[in-house]
1. Among what's in the range 125-158 and is open to solvent by less than 10 Å² (accessible area, probe 1.4 Å) and touching a Cys at 6+ places or on another chain (Cβ under 6 Å), pick the residue that is farthest from ligand 1 (Cβ to nearest atom).
2. Anything in the range 113-122 that is over 9 Å from L226 (Cα atoms) and buried (at least 24 other Cβ atoms within 10 Å of the Cβ)? List them, or say none.
3. What's the number of the only condition in (1) polar (S, T, N, Q); (2) in contact with a strand residue (DSSP E or B) (Cβ under 8 Å, 6 or more places away or on another chain); (3) buried (at least 21 other Cβ atoms within 10 Å of the Cβ) that T34 fails to meet?
4. May I ask you to say which residue of F240, F219 is farther than 17 Å from D317 by Cβ, of a type in the set (F, W, Y) and open to solvent by less than 50 Å² (accessible area, probe 1.4 Å)?
5. Surrounded by fewer than 23 Cβ atoms within 10 Å (Cβ to Cβ), in contact (Cβ under 8 Å) with a residue 12 or more places away in the chain and either basic (K, R) or in contact with a Ser or Thr (Cβ under 7 Å, 6 or more places away or on another chain) (or both): which single residue out of G85, G51, G91 fits that description?
6. Regarding the range 395-407, can at least one residue be identified that is open to solvent by less than 50 Å² (accessible area, probe 1.4 Å) and more than 16 Å from ligand 1 (Cβ to nearest atom)?
7. Counting only residues that are under 17 Å from the mean Cα position of the chain (by Cα) and open to solvent by 40 Å² or more (accessible area, probe 1.4 Å), which one in the range 326-361 is nearest to ligand 1 (Cβ to nearest atom)?
8. Please enumerate the residues belonging to the range 162-205 that are within 19 Å of the chain's Cα centre (by Cα) and of a type outside the set (A, V, I, L, M).
Amino acid sequence: MLLEAPSVRIPGRAAVDRAKIELERRLGPSKVLTSTDACAPYASDDSDVGGRPPDVVVIAASAGDVAATLAIADACEVPVTPRAGGTGRTGGAVPVAGGIVLATHALARIKEIDRANLVAVVEPGVITAVLHEAVEREGLFYAPDPSSLDTCCIGGNVAENAGGPRAFKYGVTRDWVLGLEACLVGGRVVRTGKRTVKGVTGYDVTALLVGSEGTLGVFTEVTLRLVPKPPTVATALALFSDVRAAAGAVEDIVAAGIVPRCLEMLDASTLDAVRSAGVSIDPRAGAMLLVEVDGEGAEAVLERLGGVAAERPGCIDVVVAQDATQRDRLWAARRMLSRATRKLARHKLSEDIVVPRTRIVELLDRADDIGAATGVRHLAYGHAGDGNLHVNFLWNDDAERPAVDRAIEMLMRATVELGGTLSGEHGIGVSKAKYLRLEQSDDLIALQRDIKRAFDPKDLLNPGKIFPAEGSDGRHRSC
Ligand code: 2HG
Ligand code: ZN
């Protein structure tokens, strides 16, 4: 039986009208969009989650605008959905209850790059790739690299605790956030964390806010840790006859004590999608690893890695990128996987489950079994070094949707049975809220609801996200 979806309370007309008037009065009409056409682009993100169009959109131009919006939302009891780049995959920025969308993309200043202390202070609307370029010009490095880095924003990366290929060596966004300025419902502003790597004063509220999916506060400033830019980078492709051989090589590489910064895997159907997009790949290949090593002696380490991969039965070839142009081409092909696989069918849903690395082959077997049992087409690619795989389900006919939902639920159950977790980098959002109880106990979910209530007693900030319907764990609120 499919698990229950979240429910939300829709604000009344009078409350929304009061909020609109107050927002226009406090912020000025140029920052407040109210027409259906102007609000429409803020009704969706890069997921298939269908929301309820916002009644009003605020384009914040300062931290004060964010605070004022959250004060008005509280006073009028109108829900607020925060939004940065709108590139999320699980509906985190989709306003499921209508109300206010609070857009922070215009808060896009890099306020400071402090070379001596290896710190950057940025606003939430800074595009991730823009930050990469700015710090790299200074000889510094910010590692998190979600595939949407040309369009996603730091605020969204922090809200979702985004990952990316380089997480294998460098960790996810949370590992790079030292401190935050966050605005809470009601308009209070808190500063959490510090500007130093060390610092253990009080509860780690920074860590709690990172990955809270816009449900606890809205970021107005982010303090990030930087490291010196690695002097050398070396990249290679390893081609395999099939995906199980490639997964075996991932285990061999890690067992050999090699720590590449990226260890990405593509299965046969994903390779076909890349071929269809015009990239030529050895026709014998039924799977591929894209590996990248950085730091002193990167070329030598890559050579050793290639040797380990080549020894795995099923390895067809190892091809080293000869220069930065070849490397950039490989990464451009990797980053377009999401778009290329989307073209394979009318509908696609991409999961981002994680299993212990040693259980990837079992996961692939379970995904094949699920495909056979439900008749739903699937493929897999992703961050194999982390055990974080994007199992994509593809379908053309709307009538297939119930089978797709069954397949997703079976995949979630298999993931948890294999010792894994539902989301490695895209968050729970709306799409996965109904599966949360497969992984977490009622007591743990209740504890998190209590934390949510401490921040947001009226459940106004990004309602309908993360948690399954209340009542399914003993509580209920009517709409
Ligand atoms: C990636 O790794 C992203 O490319 C997106 O996390 C995954 O949409 C997808 O399938
Ligand atoms: Zn990914």
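1. G125
2. V122
3. With (1) polar (S, T, N, Q); (2) in contact with a strand residue (DSSP E or B) (Cβ under 8 Å, 6 or more places away or on another chain); (3) buried (at least 21 other Cβ atoms within 10 Å of the Cβ) applied to T34, the lone miss is (3).
4. Numbers: F240 fails: farther than 17 Å from D317 by Cβ.
Checking each option against the conditions leaves just F219.
5. Details: G85 fails: surrounded by fewer than 23 Cβ atoms within 10 Å (Cβ to Cβ); G91 fails: surrounded by fewer than 23 Cβ atoms within 10 Å (Cβ to Cβ).
Only one candidate qualifies: G51.
6. Going through the range 395-407, the residues open to solvent by less than 50 Å² (accessible area, probe 1.4 Å) turn out to be 395, 403-405, 407.
Still in the list and also more than 16 Å from ligand 1 (Cβ to nearest atom): 403, 405.
Within the range 395-407, one or more residues are open to solvent by less than 50 Å² (accessible area, probe 1.4 Å) and more than 16 Å from ligand 1 (Cβ to nearest atom).
7. The residue in question is R335.
8. Of everything in the range 162-205, those that are within 19 Å of the chain's Cα centre (by Cα) and of a type outside the set (A, V, I, L, M) turn out to be G163, G164, P165, R166, F168, K169, Y170, G171, T173, R174, D175, W176.
The values are calculated or read from the model by the stated rules, or taken from the named source; none is laboratory data. Since we're looking at a predicted model, the values are computed, not measured. FYI the Cβ positions are ideal-geometry reconstructions off the backbone, even for glycines, and counts take in every protein chain you see. Ligands, DNA and RNA are stripped out before the accessible areas are found, and what is left, the full protein with its side chains, is counted by its heavy atoms. Shrake-Rupley method; radii C 1.70, N 1.55, O 1.52, S 1.80 Å.
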